[in-house]
1. Does region 40-52 contain at least one residue that is surrounded by fewer than 17 Cβ atoms within 10 Å (Cβ to Cβ), without any contact (Cβ under 8 Å) to a residue 60 or more places away in the chain and assigned to a helix (DSSP H, G or I)?
2. Select, from G151, G186, G167, the only residue that is closer than 21 Å to L109 by Cβ, among the small types (G, A, S) and surrounded by fewer than 12 Cβ atoms within 10 Å (Cβ to Cβ).
3. Can you say whether G60 is in the same structural domain as V242 (by TED's automatic domain parsing) and on the phi > 0 side of the Ramachandran plot, as far as the supplied structure shows?
4. Go through (1) assigned by TED's automatic domain parsing to the domain that holds L117; (2) closer than 28 Å to R122 by Cβ; (3) in a loop (DSSP other than H, G, I, E, B) for A181 and report which single condition fails.
5. Keeping to region 29-39, report how many residues are surrounded by fewer than 24 Cβ atoms within 10 Å (Cβ to Cβ) and either touching a residue at least 12 places away in the same chain (Cβ under 8 Å) or in a loop (DSSP other than H, G, I, E, B) (or both).
6. What do you reckon, is L94 under 28 Å from A241 (Cβ atoms) and over 15 Å from the mean Cα position of the chain (by Cα)?
7. Give, as residue ranges, the strands (runs of 3 or more DSSP E) completely inside region 97-165 that count at least 3 residues that are over 25 Å from S36 (Cβ atoms).
Amino acid sequence: MSEGFYSDARLYDRLFPAREAAVDFYRAEADRQGGSVLELGCGTGNKLIPIASDGHPCVGLELSPAMLAEARRKAGERGVELDWVLGDMREFDLGRTFDLVIIAANSLLHLHEAPDLVDCFRSVRRHLAPGGRLVFDVFNPSVQMLAQADGVRRRRDALSFVDPDRGVVHVDVAETYDAAAQVTRGRWYFSTESEADVVVAPLEIRSIFPQELPLLLSLGGLRLVERFGDWSGRPFTGDAAVQLCVCESD
C-alpha cells in the first residue's frame, strides 16, 4: 500500500483529474447492468458520484480516510446521495450483494501479493448478486518501460498542474522496478516555482501481466469474459495501454 500518497486528496485530484472517457465507460456499464453499484478503492468519488447521479444505488469503499472525506464532501456539494465505507478491498463484508462491482484507475494494483489479489476477488464474488459483474481497469505492463525504471529522478512535464494555493506545481518521479515482486517502487516529488519538494510521497504499484490475470481471477472464483484495450471497447492486444476487464462468477 502507499497510504502517504493519498493523504492530500485534493492534491491527488489535481494530479489525476477524472478522465471523461473512463467515467463515461463506467457509467455506461452501470446503465447496462442496472441495479446497485459497489466501487472498491473509490478514492474521491470521481467515477461513483456520476454513477449515483444517474440514479443507481451506490456504495464506495475506500482505505484512505482523507480520500473518503473528500468523496463525502464532493457528493454533498453536488447533492448526490450514496453510502461511503472505510474499509479494505482485500477483506470486507457489507452484508448485501451488488449488480455491479467496479475497481477503477489501477486501484487493484495497490495489492502487491498474489494472495491479497485472490482475497479481493473472493470478497467481490461474495458480494455479487446473481448475474452480477466485476469490471476493472489496470495498465498493461510494458517491459520496455519497466526496464527504464532506473531510480533516476526525472521531471514529468505532462503531470504539471495548477494548485489554487501554490500556483504551478511540477512533478518529478524516481522509480525502480522489482522484477521478482512485479512492483514498481517510486518516489514522487512536488515542487512549486518558489519551493522545491513541497510534498514528497512514495508510491508502489504492482504489475499484473495479461497471462496471469485470468488465473488470479479463477482462484478468486471469477472468470474473465471480456477484455478491452481502450475505453472505446477496442479488443485487447499486446500493445494496448490498458486491460479493461469484465468478469463474472465462475
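The values are calculated or read from the model by the stated rules, or taken from the named source; none is laboratory data. Bear in mind that the values here come from a model prediction, so they are computed numbers and not experimental data. Note that we place each Cβ from the backbone using ideal geometry, even for glycine, and neighbour counts take in every protein chain shown.
1. no
2. G151
3. Against the criterion (in the same structural domain as V242 (by TED's automatic domain parsing) and on the phi > 0 side of the Ramachandran plot), G60 does not qualify.
4. (1)
5. Selection size over region 29-39: 6.
6. So L94 fails the test.
7. Once the strands (runs of 3 or more DSSP E) in region 97-165 are filtered for at least 3 residues that are over 25 Å from S36 (Cβ atoms), what remains is 161-163.
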